[in-house]
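> Sending over a structure as structure tokens; questions will come in a sec.
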Amino acid sequence: MFTNLISKIHNCLQEEDILQASVKSVKQTLGCDRVVIYSLQPQTLGKIVAEEVGSIFPRTIGTTMDDPCFNARYIDSYREGRIRTIENVEEARLSPCFLETLQRLAAQSLLTLPLRLPNDELYGLLIIHQCSQPRVWSEVEITLVSQMAAQIGWALNNALRWVEYQKVRAALDLQHYYQDSLATAIQKIHSGNTRIEVLQTATAQVQSVLKCDRSIVYIATAPNQGRIVAESALSPLSPIRESTLELPYFEYRYIDEYQQARIQAIDNIHEADLSSSAIENLTRIAVKSNIVVPIINERKELFGVLVAHQCFNYRAWQDMEIEWLKQIGIQTGFAITKAQLLEEITATKISLKRASLVKETIANADSKIQQVKQSLHDSVQTSDETKHLMRLLSREVITLTDKLSVEDINLARIITKKLQANTETATAVTNSLQDKMTELSTVIDSGVQAYKSRPNN
């Protein structure tokens with residue numbers, strides 16, 4: 001029977017299962033009224049974590065005891081292997097408070113043994129009560145229960161080691177998860193060609209990898225005020241992108257700290273060092289917990305902050321989560337700088353294309369102007385109509401070059417002066433001049449239309 005009971009204990013892998021199997025096995029073996037396991041706790045003397053008791057007697061499971069009668073002197077003695085037997089609590093010389101505790105539990109006899117782990121660490125106590133009547137504990141019973149207590153200690157040690165192994169394994173798996181996801185997230189963030197693409201990708205990666213409820217990028221617009229320029233959130237949450245909010249991220253006391261790569265991780269906003277207005281503003285957007293990391297560009301300037309929000313529950317942020325978000329914030333700063341350069345290069349290319357188109361149009365117009373000049377030289381008289389047409393032509397060219405570069409404007413001025421000179425020397429307009437002017441007007445209209453339809457006009 002003893003072997004079967006021990007086998008049941010060792011077949012359990014979870015601490016709670018071992019405890020419950022142990023008290024049940026001991027009660028069956030001894031035929032007693034109550035068996036409890038009293039686990040030592042850091043802040044109190046102990047807590048009853050397992051119990052098997054007859055239905056007519058009071059239950060004690062979950063009871064936390066901070067009994068002054070059970071002081072460190074007894075703990076040390078049990079750690080050294082002390083076994084205590086009390087055959088009749090009424091006849092034993094017990095302290096009043098200890099006797100009161102036993103009477104409250106209806107215990108008339110008591111057998112207490114230490115539960116020690118293989119390294120002699122004291123896990124707690126195995127306590128056996130006889131409640132129906134006093135009981136004399138035989139040496140055979142004490143020896144048998146002592147052996148069972150030793151086996152329980154071994155089983156508990158294995159369970160605790162298994163739990164510790166699982167924690168280490170889970171930590172390693174989590175570390176690998178964040179390492180792999182970091183590389184992927186960085187690659188995606190740096191693939192953005194514009195600042196908004198970079199920021200939106202960053203928030204999407206944060207929300208996905210950290211499995212938080214919302215992620216935002218918040219930039220300062222005024223003292224203690226900012227604007228959300230990128231957001232990724234679970235669907236039940238209302239969008240807050242482009243909202244101007246007074247969130248605590250840019251309070252005066254934080255600005256310099258963010259410049260120094262300050263990281264703020266808050267598990268519960270109501271328990272953090274935040275002003276009442278800050279808590280109110282965070283509550284307005286359903287924030288319960290958050291992590292805030294700065295986004296600093298390559299010029300060491302604070303661009304904004306990258307924030308992870310937990311909204312549906314409070315969250316105790318882990319060190320690996322905080323470090324991961326920190327690295328994402330750093331890489332987002334680098335990607336922002338690169339995207340800004342790409343945007344400037346693109347704008348320069350568009351400007352050069354516009355300039356090239358305008359120069360081509362002016363060159364075409366100048367060719368036609370030369371034809372007009374030749375016709376003017378061939379004319380025999382000057383007319384007011386000619387002067388008027390030439391003034392209109394000059395105004396068209398000047399209008400075309402109104403928004404050009406300094407170089408192009410100077411070119412337009414030279415063309416205008418040439419036209420004015422030819423107007424003064426012309427004497428007549430021939431029928432062929434009229435044809436040339438009509439053709440020139442068509443060319444200029446085409447050039448003006450092309451200029452107006454250019455990109456970013």
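> How far apart, in nm, are the 7 Å Cα→Cβ label points at Glu121 and Thr143?
About 3.2 nm, to one decimal.
> Related question: At a Förster distance of 41 Å, what's the computed FRET efficiency of Ser238 paired with Ala363, Cβ-Cβ distance as r, to 0.05?
It comes to 0.10.
> Loop-only check: which trypsin sites (Lys or Arg not before Pro) in the range 238-331 are DSSP coil with at most 12 other Cβ within 10 angstrom?
Working: sites: Arg241, Arg253, Arg262, Arg284, Lys288, Arg299, Lys300, Arg315, Lys326; in loops: Arg241, Arg262, Lys288, Arg299, Lys300, Arg315.
When the trypsin sites (Lys or Arg not before Pro) of the range 238-331 are filtered for loop state and at most 12 Cβ neighbours within 10 Å, Arg299, Lys300 remain.
> Quick check: pseudo-label points 7 Å beyond the Cα along Cα→Cβ at Ser132 and Ala183, how many nm apart are they?
Here the answer is 6.8 nm between the modelled labels.
> Step by step: find N for the range 191-317, compute 2.2 N^0.38 Å, then divide the Cα radius of gyration by it. What's the final number?
Taking N as the residue count of the range 191-317, the ratio is 0.98.
> Work through the residues other than Ala230 whose Cβ is under 10 Å from its Cβ and net out their charges, Lys, Arg +1 and Asp, Glu -1.
Values: positive: Arg195, Arg241; negative: Glu197, Glu231, Glu242.
Cβ neighbours under 10 Å give a net charge of -1.
> Subtract the Cα-Cα distance of Asp76 and Glu344 from 0.36 nm times their separation in residues, and report this length gain in nm to one decimal.
Net length gain for the segment: 89.0 nm.
> Using the Cβ atoms and a cut-off under 11 Å, what net charge is assigned to the surroundings of Arg135, where Lys and Arg are +1 and Asp and Glu are -1?
Cβ neighbours under 11 Å give a net charge of -3.
> Turning to a different aspect of this structure: Ranked from highest to lowest mean number of other Cβ atoms within 10 Å per residue, what is the order of the peptides 136-145, 8-17, 117-126?
Put in order of decreasing packing, that is 117-126, 8-17, 136-145.
> Tell me, Asp213, Asp273 in order of fewest to most beta-carbon neighbours within 10 Å?
Fewest-to-most ranking of Asp213, Asp273: Asp273, Asp213.
> Cβ under 15 Å from Asn119's Cβ, Asn119 left aside: what net charge do those residues give with Lys, Arg +1 and Asp, Glu -1?
-1
All of the numbers you see were taken from the coordinates with simple rules; none came from a lab. Since the model is a prediction, treat every value here as computed from it, not as a measurement. No Cβ is skipped: glycine too gets one built from the backbone with ideal geometry, and neighbour counts run over all protein chains shown.
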